[in-house]
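The values are calculated or read from the model by the stated rules, or taken from the named source; none is laboratory data. For clarity, every value in this text was computed on a predicted model and none was experimentally measured. Note: ideal-geometry Cβ built from the backbone for every residue, glycine included; neighbour counts use all protein chains shown. Only protein heavy atoms, including side chains, enter the accessible area calculation; ligands, DNA and RNA are left aside. Shrake-Rupley method; radii C 1.70, N 1.55, O 1.52, S 1.80 Å.
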Amino acid sequence: MDMMTNSPTIQETGHGDHPKPTNNSNNRPSARFCHLHPDILYRIASKLPPKEFAKTSILSSDWRWSACPRLTFDAAAICKCRREVLHLHNRFRSYYINEVNGVLHIHQDKLVETLEVKVDFVDSILLAHHIDTWVHFAVSSRTKNLTLDLKPKRFSEYDDRYVFPFQLLDQESISRLQHMQLSFVSLNPPSQFKGFPNLRKLHLQTLHINRKDLENMLSSCSTLEWLCIDRCHLDDELIIVDSPLPRLLYLRVHFCFTKIKFNAVNLATFEYDGDFIPIDLVQSSKLQSANIRFMTATFQHALISLLNGLPSVQSLTLQIRVQYIQKQWLWDNPLKFTNLKHIQLVMFILLEDVDKVLYSLAFFRATPFIEKLEVHFAGCGLWLAEAGPSRKDLGQCKYVHLKNIWISGFKAAKGQLEFLLHLIENAPALEVLLVEIGEYPPFNSWFGAGGPPIKKAMDIARTCMRPILPQNATFDIKG
């Protein structure tokens, strides 16, 4: 039997014919693309990558699309060269502009859901006019997702940004936008601008914008779910958004501002990379994960700042690239992380702070509900260092929920050893202890004749830790 006889058939009709259902041998209606509603076809196509979308034309000679869901104009891909060299050759630049204009002409008066322009904004006078035209096309094509990725590789060498043409947008097009990425753009909204009321995702990178304009714009984006602000230049580098952003789930800030404050009660994920600044997310009572990377900070100061700004976080990663530790236990600190269960610390120990490692335990006195702890030590002066206080100076501090400890970069320094012994002695529910001996992150370091004393560090860890572990705890040591 022919295997195809029981399969649905796809048939085409003439331009003037109405679709007529046909049955196969099992009396089931045949599947035809022309039977599907255009909205369904459009939704299918909108999920396809551009190359796959282009192939759909072979499915039916009469399948005529009234829309192209996505148009992406990546200068590097179109001109087959690196983006940063595009402006060095007039033929590349002209070719790119002609390609974009040609494709947009073909799709004039059609619905284009997504428009992406990716080219270095270097020849500002020449490009600005064309980008204005492309933004006007997005308005007329009822675009919902707009990307203007114009950041040159060496963007700090260029002052002129593309001035976003608010004058080309009407209220309908402003309300239609759902996703927007603006990179290397200057925003100067008119006084009557009330933000993007239906915007769900916003990525701002290397922008020039007035602080008040940014705050007003964000305050009006009440449907915003995803926000990234990356290396944007403001006249006053602090941002306070007091208006509620009830749908904001993800927030990332990268090297911007001197203070951050958002009213985002449902925020789930927060990422920050930059200078040590006050961060106020007190309203974010459902914050699941925070990933914080400070350039330079004193460990105890960072702790107090995070206790004040992120009291409800459930999982916290903290990395301080240039970290100082004070000889301070913070005995009188009344603040606590009320929901924190998972901590990951990346601790760069300076040579001058080798004797202060144990003072970092001040952090854990503020984490009564911690269940999982990861500490990654980095520092060249830690191998078998003998300086520092004893854990007896700490007194009692129980971690009754702590079940899993992972320590890497262990070099058997007194501070590291006392740090670990204190945790083990005060964690009655401990189930898993993993200690990794050596450098963090792993690399082949020069340590003179014989290499680093890995075996001695392993022996110290085994001898000191195994006898005090809870009876059923798993102990694994790697070197």
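Summary table below
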{"quantity": "Placed amide H near Asp280: partners under 5 Å, 5+ positions off or other chain", "calculated": "Ile260, Lys261, Phe262"}
{"quantity": "Compactness of the stretch 231-341 as Cα Rg over 2.2 N^0.38 Å, two decimals", "calculated": "1.05"}
{"quantity": "Separation between Cα centres of the stretch 172-189 and the stretch 330-397, rounded to whole Å", "calculated": "45 Å"}
{"quantity": "Rg(Cα)/(2.2 N^0.38 Å) for the stretch 299-411, N = residue count", "calculated": "1.03"}
{"quantity": "Paramagnetic reach from Asn333 in the stretch 266-285 [backbone N under 19 Å; point 7 Å along Cα→Cβ]", "calculated": "276-282"}
{"quantity": "Sorted peptide list for 121-129, 139-147, criterion being average Cβ within 10 angstrom, highest first", "calculated": "139-147, 121-129"}
{"quantity": "Approximate spin-label separation Phe475-Asp242, in nm, with each point projected 7 Å along Cα-to-Cβ", "calculated": "5.7 nm"}
{"quantity": "Distance histogram for the stretch 73-182 (every C-alpha pair counted, 5 angstrom bins, percent rounded to whole numbers)", "calculated": "2, 12, 23, 24, 20, 12, 6, 1"}
{"quantity": "Net +/- balance of residues flanking Ile277 in space, Cβ distance below 11 Å, scoring K and R +1, D and E -1", "calculated": "-1"}
{"quantity": "Pairs of lysine residues in the stretch 383-465 - Cα separation under 15 Å, sequence separation of 8 or more or cross-chain", "calculated": "4"}
{"quantity": "Table column - 3J(HN,Hα) (Hz), the stretch 131-141, Karplus curve with 6.51, -1.76, 1.60, x for Gly and Pro", "calculated": "5, 4, 4, 5, 5, 4, 4, 4, 5, 6, 8"}
{"quantity": "Per-residue SASA entry for Asp476, accessible area with 1.4 Å probe, Å² rounded to 10", "calculated": "60 Å²"}
